[in-house]
Amino acid sequence: MKNSLHVKLLLKITQEYVNSHFTFVFSLLFSLLFLAYSYNFSTQSWRPIVLIFFVIYAITTAYVGFLTLRIKQDLANHNDIRKSTRLLGYPLLLTIVSGNIFSTSFAFLLISKSKTAEYIFAAYAFITQLFIIGISALNLFKPYVTDTFLLAMGLFLFLAIFYIVMLILCTKFVTSEAAPKWMLFPGILLLIASLTGNLFATLLGYSLIQKARKSNPSTIEKWQRIWEKILRNTMAVFGLFFIVFMFSLSITSSWTFDYDFAIENNYGALLQTPSLEYPLGTDNYGRDLFSRIVFGAQISLIVGLFSTIIPALIGGTLGAFSGYYGKATDNIIMRSLDILYAIPGILLAIAIIAAFGANTINLIIALSVGAIPTYARTMRANVMQLSNFEFVESARALGASDAAIIFKHIVPNSLAPMIVKATLTIGGAVISTSSLSFLGLGIEPHIPEWGNILKVGSTYLETHSYVAIFPGLCIMLLVLSFNFLGDGLRDALDPKSN
């Protein structure tokens, strides 16, 4: 009985075993979707490329199922995963070619026994870079490419090699407590490489620099625990991957994608079905849907981030003053915000845009104003709780000013709930952006933005549904990714969690 409970506990806490189940389920789901789409009922013919993807994903699903059974047997008989089983993860790395992020991430987890946060950051930085290369390479089927295409692709290939080298170095030399001093130089290079938008490189570089310098071990240990909790949450990691991938793609797209394909009308290619030249087809003006969605990610991320950061700063500041001073200050600030909170956010945004015009800046302002009260309430509650703690009383006794107490002692200890709330509400901002653009009240109609693309596609749902399906999927995946990441951050930053 005791041995059985021990095995169940091992299965529950072993990251490879948990991740294998996610990989199996998602690979099976995608294989079924490819199977359903592989047959064209209108022409009564098979789609060869889609059928090939179905076969690849079906084989991957069966192989992952086999590995799951092997892992379970190893944990039951040896209390650990054997080296022979880990070696079976290497063939699974080849599934990156089919775009199966689930099986590729599972393979990286399986092949290495020592999985520090730096190792996982390096693995996802490498995967993200390969996805960028694969997406950008599809432009080779276009009639022409940008002048910087070859230079950018060369840079991307160099970065992919650099990340795989860092992956190997992290496996051999980096532990959960420290890193050798010579890792400072690669860490600085990683921070420079993160200018391409690959935030996994930023996290890896910062972590390596901190460990190599051995600065403030307690802080390193604290952040190591937080990242370990986040990285154990499979859905949070996948959400973070998709956000980083879209962010990096939105930055690098200017180097590899030609903006003309996204905005110029091509009446010789109206409503083309997906092909190598037009991977996602074209719209009713002959514009490449693939290029429009890629450039549209820039708008969605910019508006989503700024319409979250601005109300978080303003609302957080008002909430901090309200919670700290209380009484008359609290009544004035909170009653004023209650009036603002009583107005539905979407109606307030429509009113602001109708008054000042539809453009990106006005859209950010419109979405930011309505979100201020919620952030103020969150910060106020945290500040009111922390204001009675002993470290605040000690700061007062030492003669610290109110501003110093608020912004140096109280606010830093109140950031965790604000970060979680901001992550969860970015998804809502993306939906609001697309909704207003769909109604014609957001981004200018000619600019490629997911809501604008969806609006055009909604008129062709019966005849050319892909024009609406692809931007709709992008909106859904981005919102889900922020929600999954927010859930992971909430669990990791919760002081009550073990």
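The values are calculated or read from the model by the stated rules, or taken from the named source; none is laboratory data. Source: prediction; values computed, not measured. As a convention, Cβ positions derive from the backbone with ideal geometry for all residues, glycine included, and neighbour counts pool all protein chains shown. Please note that ligands, DNA and RNA were not included when accessible areas were found on the heavy atoms of the full protein model with its side chains. Shrake-Rupley method; radii C 1.70, N 1.55, O 1.52, S 1.80 Å.
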Checked the stretch 447-467 for anything of a type in the set (D, E) and either open to solvent by less than 50 Å² (accessible area, probe 1.4 Å) or in contact with a helix residue (DSSP H, G or I) (Cβ under 9 Å, 6 or more places away or on another chain) (or both); matches are E449
E444 versus (1) part of a helix (DSSP H, G or I); (2) surrounded by fewer than 19 Cβ atoms within 10 Å (Cβ to Cβ); (3) touching a residue at least 60 places away in the same chain (Cβ under 8 Å): which is the lone unmet condition?
(1)
List the residue pairs whose Cβ atoms are under 8 Å apart, where the first residue sits in the stretch 75-87 and is free of Cβ contacts under 8 Å to residues at least 60 places away in the same chain, the second is of a type in the set (A, V, I, L, M, F, W, C) and in a helix (DSSP H, G or I), and the two are 6 or more positions apart or on different chains.
T85/L67; T85/I71; T85/L110; R86/L110; R86/I111; L87/I111
Using beta carbons and a limit of 6 Å, which pairs, at least six apart or on different chains, have the first residue in the stretch 465-482 and in contact (Cβ under 8 Å) with a residue 24 or more places away in the chain and the second one in a loop (DSSP other than H, G, I, E, B) and open to solvent by less than 10 Å² (accessible area, probe 1.4 Å)?
Y466/G281; V467/D283
Given the conditions (1) open to solvent by 40 Å² or more (accessible area, probe 1.4 Å); (2) part of a helix (DSSP H, G or I); (3) of a type in the set (V, I, T), every one holds for T273 apart from (2)
Criterion first (touching a residue at least 12 places away in the same chain (Cβ under 8 Å), outside any helix (DSSP H, G or I), among the hydroxyl-bearing types (S, T, Y) and open to solvent by 10 Å² or more (accessible area, probe 1.4 Å)) does Y124 satisfy it?
no
Look through the stretch 388-434, keep the residues that are of a type in the set (S, T, Y) and buried (at least 18 other Cβ atoms within 10 Å of the Cβ), and return whichever of them is farthest from A297 (Cα to Cα).
S414
For G89, all conditions in the list (1) crowded, with 17+ Cβ neighbours inside 10 Å; (2) of a type outside the set (A, V, I, L, M, F, W, C); (3) assigned to a helix (DSSP H, G or I) hold save one; what is the number of the exception?
(3)
Restrict the check to the stretch 333-343 and report whether at least one residue is more than 21 Å from I310 (Cβ to Cβ) and either open to solvent by 60 Å² or more (accessible area, probe 1.4 Å) or not in a helix (DSSP H, G or I) (or both).
yes
Among the listed residues L195, L208, which satisfies the condition of being closer than 27 Å to L130 by Cβ, buried (at least 18 other Cβ atoms within 10 Å of the Cβ) and either modelled with pLDDT of 80 or more or in contact with a helix residue (DSSP H, G or I) (Cβ under 8 Å, 6 or more places away or on another chain) (or both)?
L208
Identify, by number, the condition in (1) open to solvent by 10 Å² or more (accessible area, probe 1.4 Å); (2) assigned to a helix (DSSP H, G or I); (3) closer than 30 Å to Y144 by Cβ; (4) not β-branched (V, I, T) that Y278 doesn't meet.
(2)
Yes or no: the stretch 247-260 includes at least one residue that is within 14 Å of the chain's Cα centre (by Cα), of a type outside the set (S, T, Y) and open to solvent by 40 Å² or more (accessible area, probe 1.4 Å).
yes
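Go through the stretch 318-328 and count every residue that is open to solvent by 50 Å² or more (accessible area, probe 1.4 Å) and either not in a helix (DSSP H, G or I) or not aliphatic (A, V, I, L, M) (or both).
3
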Under 6 Å by Cβ, and 6 or more places apart or on different chains, what pairs join a residue from the stretch 134-159 that is part of a loop (DSSP other than H, G, I, E, B) with one that is crowded, with 19+ Cβ neighbours inside 10 Å and of a type in the set (D, E, K, R)?
T146/D258
Filtering the stretch 30-50 for residues that are closer than 16 Å to G99 by Cβ, of a type outside the set (S, T, N, Q) and either open to solvent by less than 90 Å² (accessible area, probe 1.4 Å) or assigned to a strand (DSSP E or B) (or both) leaves a count of 3
